[in-house]
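Nothing in this text is a laboratory measurement; each read-out follows from the coordinates by a stated rule. Everything quoted here is computed from the prediction, not taken from an experiment. In this analysis, Cβ positions are derived from the backbone assuming ideal geometry, glycine residues included, and neighbour counts consider all displayed protein chains.
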DNA sequence: TTGTACGCGTTATCAG
DNA sequence: CTGATAACGCGTACAA
């Protein structure tokens, strides 16, 4: 059943049928109703490929993500997909892993599929070396590029993120201002977000003129158990610490397991701040205090900006939200903030 | 840059260019090389929409999933996407939520997009009432339908799943054969998988001629904290239980929190078996013993079957794997099985 | 081995 | 308000 069949049945031309389908041009109410009736009864659906060929779009957005099984990314993908679908776009998911080359290759593959835009899920796509981000600029030359939780200033690139640096600075400051000095920042990657967290941590020390032993910023990528072992090793080497600010909840739970292994009472002797407000944080005992980076809002903003751009309207190149601390059982010094719920 | 441009540059017809691109018909080595060179230097990529129009496929698979942010589903989506991509298919993700109508609607939307097949991720798509599954049969009339972790016998429907009934029966049997009688099955949904778990649980009792109080099978859908409260309520009503077999790790952790609330020592006084071998299980203390339902293998099988079907070859309508018990800290009676790693 | 010409289903343009 | 027709870019019989 194609547009020719419909036009024949209705005794009109295909142009008129097309006009009715797309509701843009003016068609007499009578013929419109007639065609509508025939469309309904024949269950006619336009062929998407022919449509794509004509319009040069199939209303599809590419979602590029290092690992969609990750706690944080999977939620992001979920929120994004729902928001896109609500705007009548489909989402093609593409998991890249961590290698730069694979990311660039998969991004190209997505562009070859003529997606209308690309959303980069997670700041791991932003490399510290500027030239390594060329693949993003190349993509942005073809379609709008949205970056979730990362920032790259470039034409046709739009970023929705949370102010990781600020909240880490705030949290660190609270510890420092309560006389705590033996802090440790345990973060996972040298991504945009990772670098912000590091900067925020350092900044809090610097503002107070306090020295910061470089051993107190630990870049570590591994499982929960490995994180625990890493901290045991750090302690073994003679560095004392009674507070861990973690770059994500997995690392925070690693820290909690470290505390268990060392028989340190949490939060009395040992304080832990998690990150991402993931479900992991309510599995352990005590439950994690954690930084809520407003993922849901970030995703809404990302999609809102994208839709604006796709409709030829302006959109902010950067949308930044502030984060909240959710105090549960692994800290004591923070104000309790109402949780946004959902877990 | 389209196929006409290339053909002009090479001084051949578009047919020859097409032949080279698709490598099927015979082209002289000389012209082939010439065309290949031009393709490389001009960075020519066939327009996918035109290609789709001609071939009636864009090599895309629809992934339908209730909630891709869920621990279990997100891993499934991840494995499936990777396997599909390895087979040169793209995955369109569509999260449906739990309502039957939405599922049917989104499935139709996927079909309208002319996906080559649909993968239903999770047994929640299989309704107890047969007529409610008509939407799946309708879809299967158009494209192959793969069901992950569920089973529906129908033409053009292929299922890859884990033998949930068997493993629950086995686990229950171990408990019963060690003289445990006060078991509770806590499961989340009346999905295909949920019904299998229930059947396995009942079966173990029946085989031994043991009576089973219906209050010992608790169908409950809620958060970790709610699961804890639910168990507290069950206990409050006078039912004694010292063992919980959970339908997923969230519920198992709910049970663990229940034990904490009641000051019951785990696993000495209270035993808990989780399900899915998710990351949640290694967050708590003690870590969860859990049933590993071989999700990664299930996904490989699902995609393998699909590829077979798409290539016109036969495929088994049902591929069933057996599950393993991974004993960690919340049980004592089970053999330790080597973990497949990855968490 | 290569080229021609048509079909695919739609939208856009222009003429009426 | 409506119709005819030309793109859109590719795959592929069929012809040479």
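Between the alpha-carbon centers of region A:135-191 and region A:212-262, tell me the distance in whole angstrom.
21
Mind listing P(r) for the protein assembly as shown? All alpha-carbon pairs, 10 Å bins, whole percents.
3, 14, 21, 23, 19, 11, 6, 2, 0
If you build a Gaussian network model of chain B, linking Cα atoms that sit under 10 Å apart, which residue out of B:261, B:76, B:317 swings the most?
Among B:261, B:76, B:317, the largest mean-square fluctuation in the Gaussian network model of chain B belongs to B:261.
Would you mind putting B:267-280, A:55-68, A:217-230 in packing order, based on average other-beta-carbon counts within 10 Å, highest first? The partial results should precede the final answer.
On the way: B:267-280: 24.2, A:55-68: 21.2, A:217-230: 18.1.
In descending order of packing, they fall as B:267-280, A:55-68, A:217-230.
For peptide A:58-64, what's the mean number of Cβ atoms from other chains within 10 Å of each residue's Cβ?
The per-residue average across the peptide is 2.
What shape does region A:72-165 have by the C-alpha gyration tensor, where a ≥ b ≥ c are the square roots of the eigenvalues, rounded means a/c under 1.5, and otherwise prolate means a/b greater than b/c and oblate the rest? Don't jump to the answer; show the numbers that get you there.
Values: a/c = 1.44, a/b = 1.16, b/c = 1.24.
The shape class here is rounded.
For residue B:40 paired with residue A:190, estimate the spin-label separation in nm (one decimal), with each label point 7 Å from Cα along the Cα-to-Cβ line.
Roughly 3.4 nm, to one decimal.
Just to be sure I understand: with springs between alpha-carbon atoms less than 10 Å apart, which residue in B:114, B:34, B:318 has the highest mean-square fluctuation in the Gaussian network model of chain B?
B:34
DSSP beta bridges in the protein assembly as shown, what fraction antiparallel, as a percent rounded to 5?
If I count the DSSP bridges inside the protein assembly as shown, around 10 percent turn out antiparallel.
Could you give, in nm with one decimal, how far residue B:156 is from each other copy of that position, shortest first, with labels 7 Å out from Cα toward Cβ?
3.9
Over all directions, average the projected area of the Cα convex hull of region A:148-262 and note it in nm².
7.7
Nearest 5 percent is fine: what portion of the DSSP beta bridges confined to chain B is antiparallel?
10
So for the pair residue B:131, residue B:108, with labels modelled 7 Å out along Cα→Cβ, what separation do we get in nm?
1.8
Just tell me how shielded A:79-87 is by partners: mean number of partner chain Cβ atoms within 10 Å of each residue's Cβ, no decimals.
Counting other chains' Cβ atoms within 10 Å and averaging over A:79-87 gives 3.
Across peptide B:105-117, how many C-beta atoms of other chains are within 10 Å of each residue C-beta, on average?
For peptide B:105-117, the averaged partner shielding equals 2.
Label 7 Å along Cα→Cβ of residue B:262; region A:278-304 residues with amide nitrogen under 15 Å?
none
What angle, in degrees between 0 and 90 and rounded to the nearest 10, separates the Cα long axis of helix A:224-236 from the longest principal axis of the Cα atoms of chain A?
Once rounded, the angle reads 30 degrees.
At 7 Å along Cα-to-Cβ for each site, give me the label-to-label distance between residue B:210 and residue B:141 in nm.
4.8
Which number do you get for Rg(Cα) / (2.2 N^0.38 Å) in chain B?
Expressed relative to 2.2 N^0.38 Å, the Cα Rg reads 1.25.
So what are the radius of gyration and Dmax for the Cα set of region A:3-55, in Å?
According to the Cα coordinates of region A:3-55, Rg and Dmax are 10.6, 30 Å.
How big is the equivalent ellipsoid of region A:105-152 along its three axes, where each semi-axis is √(5λ) from the Cα gyration tensor, reported in whole Å from largest to smallest?
Value: 17, 12, 9 Å, ordered largest first.
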